[in-house]
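K.L.:
Okay, handing you the structure first.
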Amino acid sequence: MTHDHDLVLRPTAAQTEAALNPPPGRNGGDLVVETLAGLGATTVFGLPGQHALGMFDALRRSDLRYIGLRVENNAGFAADAYGRITGEAAPLLLSTGPGALTSLAALQEARAASAPVLAISSQIPTAGLGGGRHGYLHELPDQSASFRGVVKSVHTVRSQSQIPSAIAEAWTSALTVPHGPVWVEIPQDVLLSETPVPVVTGGDAFPEELPPRPELTAVAADLLSRAERPAIIAGGGVVRADASGKLRQLAERLSAPVVTTFGGKGALPWTHPLSLQSWLEDRHTTDFLEDADVLLVVGSGLGELSSNYHTFKPRGRVVQIEADLGKLESNHPALGIHADARLALQALLETVQERTDPSAPARVREVLGKVRERIESQELTLEQGVLASVRAALPPGAPSFWDMTILAYWAWSAFDAKAPNTMHSAQGAGGLGYGFPAALGAAAADPTHPVLAVSGDGGALYSIAELATARQYGLNVTWLIVDDGGYGILREYMTDAFGQPTATELTRPDYVALAESFGVPGVRTSPETLETDLAKALAIPGPSVVVLPAVLRMFAPTHTE
């Protein structure tokens with residue numbers, strides 16, 4: 001009798017030849033790139049540094065495509081977006097100490113947004129590991145400790161024979177739900193030394209599935225089947241699990257209205273009769289969700305942004321499906337189901353009883369009407385017009401990447417993403433500078449669509465150097481910069497809180513002239529010509545910049561009422 005674990009994969013003739021007669025001049029860096037290629041990677045991001053030269057030298061002996069950015073944090077944002085678009089673990093190659101540490105903010109965003117990033121960094125020579133102070137360049141007492149609280153898992157390599165297994169283990173970790181960034185570090189001498197290890201010719205790594213417990217989905221199905229006023233909150237976990245179709249089936253079977261979180265936009269079509277869209281920062285939506293007798297939360301931890309700043313207080317039963325165990329029941333008591341959204345929704349579809357509620361679409365229209373009346377009463381026609389122009393100019397299948405800026409905050413609530421996995425922002429960790437470098441990563445992942453990046457002038461200066469990257473690789477990204485002369489949202493926050501802003505005003509360059517100095521075409525637009533100018537820029541292959549001088553305002557919050 002043969003068991004699966006008794007099976008041994010036999011090497012092919014080509015693999016045997018490569019193992020017995022490896023090409024000369026290989027080092028530890030070759031083991032890194034060979035392992036990545038064996039795992040299925042095709043593109044890597046990063047920035048070279050002295051300790052990491054072994055990896056970068058090996059790239060020229062491989063078929064991997066390298067996209068080099070100008071700042072490590074931006075390289076991390078690009079890898080984050082590549083992972084979101086492809087669902088693959090995006091390799092990010094970094095150097096020791098300052099280079100590695102500069103990527104921390106990007107890795108925090110990837111962790112918060114469950115984006116799979118495989119960060120591989122060099123380390124000081126093996127003799128320096130262990131916490132002593134040897135005085136090596138870039139030395140830290142414990143480099144991995146700086147990342148342990150940010151990434152999903154940390155893997156330290158101490159010999160060349162460990163490289164393939166460590167990277168494969170990290171790859172599996174990054175792609176096991178919830179997805180996220182992982183950290184591998186390899187000493188400089190291990191990367192540079194000639195290697196006796198045979199060419200890496202295999203590398204299959206299979207992420208573990210996370211099915212729901214059947215007794216929990218049985219109880220959840222019974223609650224939903226008997227509910228009088230069910231409702232659903234669909235989070236980013238639905239989009240990442242490619243479960244939007246199953247979510248729609250379940251919502252229609254239950255006649256349950258659906259609100260999508262900012263990370264879950266597109267999980268249900270914007271104009272669907274059961275779609276409450278994404279107006280989570282509105283008391284009318286909050287009231288509606290609180291009134292549900294059974295609330296199904298899928299792929300969301302109901303954090304600050306998804307709970308109207310923790311003012312949401314559900315009165316009915318909550319069923320929460322979440323792949324991140326730490327988020328399960330972290331904010332509200334619930335029937336907690338630790339599972340991948342797709343597998344859990346499938347289990348519910350197999351057991352839930354159909355219920356009809358002809359009044360559900362009318363109740364949805366009533367809530368959306370109240371939201372619309374509240375927004376229209378605030379005389380925000382400029383902001384609504386600008387957002388509508390962006391939507392009209394952006395082709396339906398084109399992804400967009402939004403920095404932390406007022407127009408993005410509008411987009412979280414009011415932008416129709418048209419499809420799942422097309423609108424992305426840095427709302428996971430909330431750092432500046434995400435939009436443009438992330439868009440570059442998305443363009444590298446899928447060159448068949450133009451990509452839109454949206455930044456304010458403050459956030460744009462975080463990543464302005466990447467105009468050189470966009471030009472060097474001819475990446476098809478149009479960058480919309482809304483120039484209001486400062487940190488606009490902080491200006492609003494401080495004025496509301498203290499009566500006047502401090503440290504929010506910025507001297508900034510002529511962004512059109514600056515873009516053209518990089519060889520990137522730029523245009524200055526206006527609210528009246530934005531749609532035409534943006535559509536024209538998106539239609540031309542390669543990078544471009546559109547600058548909109550405008551001071552935008554946020555709609556009034558409801559969580560302070």
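K.L.:
Name the single residue that is nearest to Ile406 (Cα to Cα) among those in segment 527-561 being open to solvent by less than 30 Å² (accessible area, probe 1.4 Å) and of a type in the set (Ser, Thr, Tyr).
P.N.:
Thr558
K.L.:
Within segment 256-315, can you find the residues that are more than 26 Å from the chain's Cα centre (by Cα) and among the acidic types (Asp, Glu)?
P.N.:
Of everything in segment 256-315, those that are more than 26 Å from the chain's Cα centre (by Cα) and among the acidic types (Asp, Glu) turn out to be Asp287, Glu290, Asp291, Asp293.
K.L.:
For segment 186-204, enumerate the residues that are within 18 Å of Leu39 (Cα to Cα) and surrounded by 21 or more Cβ atoms within 10 Å (Cβ to Cβ).
P.N.:
Val200, the sole residue that qualifies.
K.L.:
Could you pull out the residue among Pro48, Pro22 that is at pLDDT below 95, surrounded by 13 or more Cβ atoms within 10 Å (Cβ to Cβ) and in a loop (DSSP other than H, G, I, E, B)?
P.N.:
Being at pLDDT below 95, surrounded by 13 or more Cβ atoms within 10 Å (Cβ to Cβ) and in a loop (DSSP other than H, G, I, E, B) holds for just one of Pro48, Pro22, which is Pro22.
K.L.:
While we're on this one: Which numbered condition in (1) surrounded by 18 or more Cβ atoms within 10 Å (Cβ to Cβ); (2) small (Gly, Ala, Ser); (3) in contact with a helix residue (DSSP H, G or I) (Cβ under 9 Å, 6 or more places away or on another chain) is the only one that Ser159 fails?
P.N.:
Of the numbered conditions (1) surrounded by 18 or more Cβ atoms within 10 Å (Cβ to Cβ); (2) small (Gly, Ala, Ser); (3) in contact with a helix residue (DSSP H, G or I) (Cβ under 9 Å, 6 or more places away or on another chain), the odd one out for Ser159 is (1).
K.L.:
Taking segment 207-244 as the search range and keeping residues that are of a type in the set (Asp, Glu) and modelled with pLDDT of 95 or more, which one is surrounded by the fewest Cβ atoms within 10 Å (Cβ to Cβ)?
P.N.:
So, considering only residues that are of a type in the set (Asp, Glu) and modelled with pLDDT of 95 or more, the one surrounded by the fewest Cβ atoms within 10 Å (Cβ to Cβ) is Glu215.
K.L.:
So which residues in segment 413-448 are over 14 Å from the mean Cα position of the chain (by Cα) and within 19 Å of Val239 (Cα to Cα), if there are any at all?
P.N.:
Passing the criteria: Ser413, Ala414, Phe415, Asp416, Ala417, Lys418, Ala419, Asp446.
K.L.:
List every residue pair whose Cβ atoms sit under 6 Å apart, with the two residues 6 or more apart in sequence or on different chains, where the first one lies in segment 394-411 and is charged (D, E, K, R) and the second, anywhere, is part of a loop (DSSP other than H, G, I, E, B).
P.N.:
That search, which allows pairs on different chains as well, returns Asp403/Tyr434.
K.L.:
Mind listing whichever residues of segment 506-543 are of a type in the set (Val, Ile, Thr) and touching a Leu at 6+ places or on another chain (Cβ under 6 Å)?
P.N.:
Val520, Thr525
The values are calculated or read from the model by the stated rules, or taken from the named source; none is laboratory data. It should be emphasised that the depicted structure is a prediction, and the values quoted were computed from it without experimental measurement. Virtual Cβ from ideal backbone geometry, glycine too; neighbours counted across all protein chains shown. Quick note on the areas: whole protein, heavy atoms, side chains included, nothing else; ligands and nucleic acids left out. Shrake-Rupley method; radii C 1.70, N 1.55, O 1.52, S 1.80 Å.
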